[in-house]
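In what follows, a single structure is set out as structure tokens and then discussed.
The values are calculated or read from the model by the stated rules, or taken from the named source; none is laboratory data. These numbers come from a predicted model, not from an experiment. Neighbour counts run over all protein chains shown; Cβ positions are idealised from the backbone, glycine included. When the accessible area is computed, the model is the full protein with side chains, heavy atoms only, and any ligands, DNA or RNA have been set aside. Shrake-Rupley method; radii C 1.70, N 1.55, O 1.52, S 1.80 Å.
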Amino acid sequence: MLPTFSYVKPTTIGQALRELSSPGARVHAGGTDLLGCLRDRVLTATKLVSLNGLSELRGAVELPNGGLRIGALTTLAELAAHPLVQGRYQALAAAAGAAASPQLRNQGTIGGNLCQRPRCWYYRGDFACARKGGDTCYAKEGENQLHAIFGGDVCVMVHPSDTAPALMALDASVQLIGPGGTRTVGLGAFFVPPSKDHTRETVVEPGEFVADVLIPPPPAGAVSTYRKLRSRGAWDFALVGAAVVVGLRGKKVEHARIVLSGVAPVPWRVAAAERELVGHELSDSVIERAAQRASADASPLSGNSYKVALVRGAVAEALTEVRAKG
Ligand SMILES: Cc1cc2nc3c(=O)[nH]c(=O)nc-3n(C[C@H](O)[C@H](O)[C@H](O)COP(=O)(O)OP(=O)(O)OC[C@H]3O[C@@H](n4cnc5c(N)ncnc54)[C@H](O)[C@@H]3O)c2cc1C
């Protein structure tokens, strides 16, 4: 059963900030993650501040510099179907379209997708795990087949979002609005690794919210995709995903970004694999080298060494797909 809380739906950003300033207030967008967390007592709230009355946070528009501004309330379904996203930012369209189920994509927003809480069964269950303020990460010695093979540290959860690695590969940033004004944070700095602070996933401060996602114009000759590997074709979180953006001049790679999902507590950029590509044609052997390099520094747990091979496969498949498109 859901606990008791009040619910407000401000219609201006000023009102939203005032409502969010009370202790125990939480941002509500689509509610697809938040309500489950409240029901399961993973989170508490005295007040939900719905952003749904703020029409300026809806939809995606082209910026004068050729980039894209996506309002935080834009749904995953809208993003997956948006002509500009499909045309220029294929990795994002693919990631948004592969997240969750059609119902959840119609209700879940991009802001909520970036700020959703971990799916680790110990975190979601009745365990005082490290992320909830306890002193143990139960997954390290316990059931860890879905957990991290990179960057685990004090907590080995994996970041659940499909859109986050795609947006990071596309060099996106988020605009945060809070009591101190507006600030822009690159996605690489938005997610907090457990080595810095294992009790939070993002830099969003109390009283603040994500207003927009900003994506720069794609680099010249850019092609991108997102390859998601999961246990079944219907809704499921990524076991491993690979977002790849490659800028081609002729047949040679001038620019590459590869960001993995399902393998680390934050979307995991593999710069060493990117370096294998730059200056080369996307031949089978170059793709294979980059795919090997992407998994080379993995530290699997007792139950998830299978993810090492999945990383290689996801990266190789994503690169083969961008070669075919380029
Ligand atoms: C069964 C199931 C399967 C799923 N499968 C996948 C999957 O395969 N891939 C995937 O990526 N996701 C998956 N999800 C997650 C789903 O995509 C997210 O629940 C959804 O995107 C969250 O968006 P929302 O608008 O509903 O957020 P809400 O539930 O409203 O909020 C989620 C969290 O983010 C905070 N928040 C929301 N918006 C903002 C904002 N603008 N600024 C600051 N904080 C904010 C809320 O306070 C809350 O803590 C799944 C969810 C479920 C329930």
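Residues being assigned to a loop (DSSP other than H, G, I, E, B) and either open to solvent by 20 Å² or more (accessible area, probe 1.4 Å) or among the aromatic types (Phe, Trp, Tyr) (or both) are represented in segment 272-279 by at least one member.
Whether any residue in segment 310-321 is in a loop (DSSP other than H, G, I, E, B) and at pLDDT 95 or above is what I want to check. The answer is no, given that none of the residues of segment 310-321 is in a loop (DSSP other than H, G, I, E, B) and at pLDDT 95 or above. Scan segment 109-142 for residues that are open to solvent by 50 Å² or more (accessible area, probe 1.4 Å), within 16 Å of the ligand (Cβ to nearest atom) and over 21 Å from the mean Cα position of the chain (by Cα) and the total you get is 0.
Applying the criterion of being in a loop (DSSP other than H, G, I, E, B) and touching a helix residue (DSSP H, G or I) at 6+ places or on another chain (Cβ under 6 Å) to the residues of segment 4-32, the residue that is surrounded by the fewest Cβ atoms within 10 Å (Cβ to Cβ) is Pro10. Pairing each residue of segment 25-42 that is closer than 19 Å to Leu54 by Cα with any residue that is hydroxyl-bearing (Ser, Thr, Tyr) and near the ligand (Cβ under 6 Å from one of its atoms), provided the two are 6+ apart or on different chains, yields C-beta distances under 8 Å for Ala29/Thr109; Gly30/Thr109. Taking the criterion of being among the aliphatic types (A, V, I, L, M) and touching a Pro at 6+ places or on another chain (Cβ under 7 Å), the only residue of segment 19-38 that qualifies is Leu38. Candidates are the residues of segment 33-62 that are of a type in the set (S, T, N, Q) and away from the ligand (no atom under 12 Å from the Cβ); the one that is surrounded by the fewest Cβ atoms within 10 Å (Cβ to Cβ) is Ser55.
If you go through segment 227-242 and keep only what is modelled with pLDDT of 95 or more and within 11 Å of the ligand (Cβ to nearest atom), you end up with Lys228, Arg230, Phe237, Ala238, Leu239, Gly241.
Tally time: how many residues in segment 83-108 are small (Gly, Ala, Ser), within 8 Å of the ligand (Cβ to nearest atom) and either within 17 Å of Val174 (Cα to Cα) or buried (at least 17 other Cβ atoms within 10 Å of the Cβ) (or both)? Here the count works out to 5.
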